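Reviewing the structure listed below.
The values are calculated or read from the model by the stated rules, or taken from the named source; none is laboratory data. This is a predicted model, so every value here is computed, not measured. Here the Cβ is made from the backbone with ideal geometry for all residues, glycine too, and neighbour counts use every protein chain on show.
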Amino acid sequence: KNQVEQSPQSLIILEGKNCTLQCNYTVSPFSNLRWYKQDTGRGPVSLTIMTFSENTKSNGRYTATLDADTKQSSLHITASQLSDSASYICVVRVYSGGGADGLTFGKGTHLIIQP
Amino acid sequence: NAGVTQTPKFRVLKTGQSMTLLCAQDMNHEYMYWYRQDPGMGLRLIHYSVGEGTTAKGEVPDGYNVSRLKKQNFLLGLESAAPSQTSVYFCASSRQGETEAFFGQGTRLTVV
């Protein structure tokens, strides 16, 4: 069964500090992996996408990594801000020829930034 | 550009009542989805549609029905609400073959 496991479940850090969120998956065959940010009371919004051939990709203070061999991804947040407080969801796409139901969602990491 | 709009945003139902959640998107996306999100669980796919007039079951379809009569709209119906259907419901849309899903704000449904 395709699964996406995220750790930690929740994390509290001080404003200005860095943090790293983890995502392990067993989805096969792998197509790509996205990190979403979900603010409280809002729908998820895509931060970045990682394909099989990509190891690292940055989007401002967010840097995602992918190790397709070990089936692991991480999301590193640098110099955290209060607005980074949110849930971060890892979503992996199985290669199914373009099927609309090929997404597996992780349960998310709930990140709280304290002033 | 409104993106994906869900109505209503909040609703309280009594057990056995019926209701319809409306999702509208203005991005001309082919694919549309309904998910539910429960505490401690990831988003779970209820039903989805790959085009006007077509729908398919997702991971947790029981107790729900859907219709997509127009490309821009995707309706989720609960015929006889149960307390187990208390959840936050998200609608999403995407281009054909594209994995980035654009989500609505969510509908918080409570069944008492």
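From A:96, A:80, A:53, which residue is modelled with pLDDT of 95 or more, farther than 18 Å from residue A:24 by Cβ and either outside any strand (DSSP E or B) or of a type in the set (A, V, I, L, M, F, W, C) (or both)? Give the derivation first.
On the way: A:96 fails: modelled with pLDDT of 95 or more; A:53 fails: modelled with pLDDT of 95 or more.
None of the other options fit; the residue is A:80.
Of all residues in the range A:29-46, count the ones that are part of a strand (DSSP E or B) and not hydroxyl-bearing (Ser, Thr, Tyr).
Kept after step one, since they are part of a strand (DSSP E or B), are these residues of the range A:29-46: A:30-38, A:45-46.
Then drop every residue that is not not hydroxyl-bearing (Ser, Thr, Tyr), which leaves A:30, A:32-35, A:37-38, A:45.
So the count comes out to 8.
Can you give me the number of residues within the range B:93-112 that are more than 9 Å from every other protein chain (Cβ to nearest Cβ) and either at pLDDT 95 or above or within 11 Å of the chain's Cα centre (by Cα) (or both)?
Here the count works out to 6.
Just for the range B:38-72: of the residues that are farther than 26 Å from residue A:106 by Cβ and among the basic types (Lys, Arg), which one is nearest to the other protein chains (Cβ to nearest Cβ)?
Filtering the range B:38-72 for residues that are farther than 26 Å from residue A:106 by Cβ and among the basic types (Lys, Arg), the one nearest to the other protein chains (Cβ to nearest Cβ) comes out as B:68.
Just give me the residues in the range A:56-115 being touching a residue at least 40 places away in the same chain (Cβ under 8 Å) and basic (Lys, Arg), in sequence order.
A:71, A:93, A:107
Kindly indicate whether any position in the range B:69-92 is at pLDDT below 95, surrounded by fewer than 19 Cβ atoms within 10 Å (Cβ to Cβ) and among the basic types (Lys, Arg).
Among the residues of the range B:69-92, not one is at pLDDT below 95, surrounded by fewer than 19 Cβ atoms within 10 Å (Cβ to Cβ) and among the basic types (Lys, Arg), which makes the answer no.
Scanning for something more than 9 Å from chain B (Cβ to nearest Cβ), under 28 Å from residue B:10 (Cα atoms), of a type in the set (D, E, K, R) and surrounded by 15 or more Cβ atoms within 10 Å (Cβ to Cβ), does the range A:49-67 turn up at least one residue?
Residues of the range A:49-67 more than 9 Å from chain B (Cβ to nearest Cβ): A:50-67.
Filter once more, so that each one left must be under 28 Å from residue B:10 (Cα atoms): none.
The answer is no; no qualifying residue exists.
On the basis of being more than 24 Å from residue A:37 (Cβ to Cβ), out of contact with any His (no Cβ under 9 Å at 6 or more places or on another chain) and either surrounded by 14 or more Cβ atoms within 10 Å (Cβ to Cβ) or of a type in the set (Lys, Arg) (or both), does residue B:45 make the cut? Even if it seems obvious, please write down each step before you answer.
Numbers: more than 24 Å from residue A:37 (Cβ to Cβ): no; out of contact with any His (no Cβ under 9 Å at 6 or more places or on another chain): yes; either surrounded by 14 or more Cβ atoms within 10 Å (Cβ to Cβ) or of a type in the set (Lys, Arg) (or both): yes.
So residue B:45 fails the test.
Have a look at A:72, A:38 and point out the one that is polar (S, T, N, Q) and within 14 Å of chain B (Cβ to nearest Cβ). Lay out the reasoning, then the answer.
On the way: A:72 fails: within 14 Å of chain B (Cβ to nearest Cβ).
Among A:72, A:38, only A:38 is polar (S, T, N, Q) and within 14 Å of chain B (Cβ to nearest Cβ).
Results for (1) modelled with pLDDT of 95 or more; (2) touching a strand residue (DSSP E or B) at 6+ places or on another chain (Cβ under 6 Å), shown as yes or no for each residue.
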residue: B:6; (1), (2): yes, yes
residue: B:17; (1), (2): yes, no
residue: B:26; (1), (2): yes, no
residue: B:43; (1), (2): no, yes
residue: B:53; (1), (2): no, no
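Would you say residue A:44 is within 19 Å of residue B:42 (Cα to Cα) and out of contact with any helix residue (DSSP H, G or I) (no Cβ under 6 Å at 6 or more places or on another chain)?
yes
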